[in-house]
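Chemist: Quick one: the structure is below, questions incoming.
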Amino acid sequence: MSGSTSPYDASASAIGYLYQLRYALLAGLREFSTDASWSVSVEVVDDVEIVAAGESRRWQLKHRADGKRLTDSSADLWKTLRIWSEAIKDGSLDPSRTRLLLLTTSTVPAGSAAYHLQAG
């Protein structure tokens with residue numbers, strides 16, 4: 001079966017999960033290396049969450065193939081916003097103590113909703 005893919009191929013999911021694990025470790029070391037009491041979780045309340053000093057950072061990580069774009073009609077964008085909105089609504093996320101981040105390997109077109117959500 002060389003050259004063909006199975007309909008049950010999970011390699012894309014595995015790549016995404018490994019991306020989450022690696023990013024969680026990197027983010028924890030970068031952002032909280034001076035705080036001895038930080039914790040990290042993967043695939044619990046978000047793809048990655050790091051908590052330190054009573055503050056939380058939650059990431060939705062979207063690892064996509066080269067050439068993919070995060071447009072206004074992208075399911076990745078709207079699913080992320082829905083997850084965060086529902087968490088705020090049900091009280092499981094306090095936006096005054098939580099920084100929400102969407103990190104993608106996709107291109108973000110100028111003028112799109114995602115473009116206007118970027119820092120700076």
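The values are calculated or read from the model by the stated rules, or taken from the named source; none is laboratory data. What you see is a predicted model; the values in this text were computed from it and never measured. Using ideal geometry, Cβ is built from the backbone for each residue, glycine included, and neighbour counts are taken over all protein chains shown. Heavy atoms of the whole protein, side chains included, go into the accessibility calculation; ligands, DNA and RNA do not. Shrake-Rupley method; radii C 1.70, N 1.55, O 1.52, S 1.80 Å.
Chemist: Taking the condition of being open to solvent by 20 Å² or more (accessible area, probe 1.4 Å) and either within 16 Å of the chain's Cα centre (by Cα) or at positive phi (or both), how many residues in segment 43-56 meet it?
Modeler: 7
Chemist: Something else: Taking the conditions exactly as written (assigned to a loop (DSSP other than H, G, I, E, B), over 26 Å from Ser13 (Cα atoms) and modelled with pLDDT under 90), does Gly120 satisfy them or not?
Modeler: In short, yes.
Chemist: So if I check each of Trp84, Trp59, which one is under 23 Å from Arg30 (Cα atoms) and either among the hydroxyl-bearing types (Ser, Thr, Tyr) or open to solvent by less than 40 Å² (accessible area, probe 1.4 Å) (or both)? So that I can check it myself, show each step before the final result.
Modeler: Working: Trp84 fails: under 23 Å from Arg30 (Cα atoms).
Unique residue meeting the criteria: Trp59.
Chemist: Looking at Leu93, Leu77, which one is modelled with pLDDT of 85 or more and under 18 Å from Gln118 (Cβ atoms)?
Modeler: Leu77
Chemist: Could you tell me whether segment 33-42 includes any residue that is buried (at least 17 other Cβ atoms within 10 Å of the Cβ), more than 21 Å from Ser92 (Cβ to Cβ) and at pLDDT 70 or above?
Modeler: Taking every residue of segment 33-42 in turn, none turns out to be buried (at least 17 other Cβ atoms within 10 Å of the Cβ), more than 21 Å from Ser92 (Cβ to Cβ) and at pLDDT 70 or above.
Chemist: Here is a follow-up. Find the residue count for segment 62-81, including only residues that are of a type outside the set (D, E, K, R) and surrounded by fewer than 17 Cβ atoms within 10 Å (Cβ to Cβ).
Modeler: The number of residues fulfilling the criteria is 7.
Chemist: Taking segment 79-117, which residues are in a helix (DSSP H, G or I) and over 22 Å from Tyr23 (Cβ atoms)? Don't jump to the end; show me each part of the working.
Modeler: Step one: filter segment 79-117 for residues in a helix (DSSP H, G or I), giving 79-89, 113-116.
Of everything in segment 79-117, those that are in a helix (DSSP H, G or I) and over 22 Å from Tyr23 (Cβ atoms) turn out to be Ser85, Glu86, Ile88, Lys89, Ala113, His116.
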